[in-house]
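The values are calculated or read from the model by the stated rules, or taken from the named source; none is laboratory data. Everything numeric in this text was worked out from a predicted model, so none of it was measured. Cβ atoms come from the backbone with ideal geometry, glycine included; neighbour counts cover every protein chain shown. Areas reflect the complete protein model, heavy atoms only, side chains present, ligands, DNA and RNA absent. Shrake-Rupley method; radii C 1.70, N 1.55, O 1.52, S 1.80 Å.
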Amino acid sequence: MHRLMIVDDEPFTVDGLYEMLLDESDMDLDIYRAYSAEEAIGWLSRTKMDIVLSDIRMPEMDGLQLQQWIQSRWPRCKVIFLTGVNDIQFAQQAQRGGGVDYILKTEGDEAIVRSIRRASNAIEEELRSEDLLIRAKGQLKELLPML
């Protein structure tokens, strides 16, 4: 199970996405909601999130600033930007900051679900790779005296 947080200053968007994702029964997600970047930071200060789905333009702290905060504390967290702003500069900043996707709100639910699935798959792949590396190091440690 992966923890996902939806962050947007528009409650209708957050609640709609929450309900839509709950209906995706094959996705094993523990879903949290935050109606501002500050509220998201409150959650993230107490709970590790695997995926954050965030708007870019929000009052006081925008999604890019939130992404920087997340990356400094939870570097493995996948940040997906969902925005109404079709601006190449925002997309570039999001990608350079480690964001895994940039989706326009007009792209619809399928694009959002696809992006979350890709992020979940990337997390699973990273965990498998880490496990293999740990096992390989253990085997090397056991075999080193024999060499």
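The set of residues in region 17-53 that are hydroxyl-bearing (Ser, Thr, Tyr) and more than 14 Å from the chain's Cα centre (by Cα) comprises Tyr18, Ser25, Tyr35, Ser36, Ser45.
Name every residue in region 14-53 that is farther than 14 Å from Val79 by Cβ, touching a residue at least 60 places away in the same chain (Cβ under 8 Å) and of a type outside the set (Asp, Glu), in order of residue number. Within region 14-53, Leu17, Met20, Leu21, Met27, Leu29 qualify. Note on region 33-53: among residues that are over 15 Å from His2 (Cβ atoms) and not in a helix (DSSP H, G or I), the one that is least open to solvent (accessible area, probe 1.4 Å) is Ala34. Given the structure, is Ala91 open to solvent by less than 40 Å² (accessible area, probe 1.4 Å), assigned to a helix (DSSP H, G or I) and at pLDDT 85 or above? No, not satisfied. Within region 81-88, does at least one residue satisfy the condition of being more than 15 Å from Met5 (Cα to Cα), open to solvent by 40 Å² or more (accessible area, probe 1.4 Å) and at pLDDT 90 or above? For region 81-88, residues more than 15 Å from Met5 (Cα to Cα), open to solvent by 40 Å² or more (accessible area, probe 1.4 Å) and at pLDDT 90 or above: absent. All conditions but one from (1) over 20 Å from Ala119 (Cα atoms); (2) of a type in the set (Ser, Thr, Tyr); (3) touching a Ser or Thr at 6+ places or on another chain (Cβ under 9 Å) apply to Tyr32; the one that does not is (1). Restricting attention to region 1-32, the residues that are in contact with a Phe, Trp or Tyr (Cβ under 8 Å, 6 or more places away or on another chain), assigned to a strand (DSSP E or B) and loosely packed, with under 14 Cβ neighbours inside 10 Å total 0. Taking every residue in region 118-129 that is open to solvent by 60 Å² or more (accessible area, probe 1.4 Å) and pairing it with any residue that is acidic (Asp, Glu) and not in a helix (DSSP H, G or I), at least 6 positions away or on another chain, the pairs with Cβ-Cβ distances below 8 Å are Arg118/Asp101.
Ile56 fulfils the conditions (1) surrounded by fewer than 17 Cβ atoms within 10 Å (Cβ to Cβ); (2) at pLDDT below 90; (3) within 14 Å of the chain's Cα centre (by Cα) except for a single criterion, (1).
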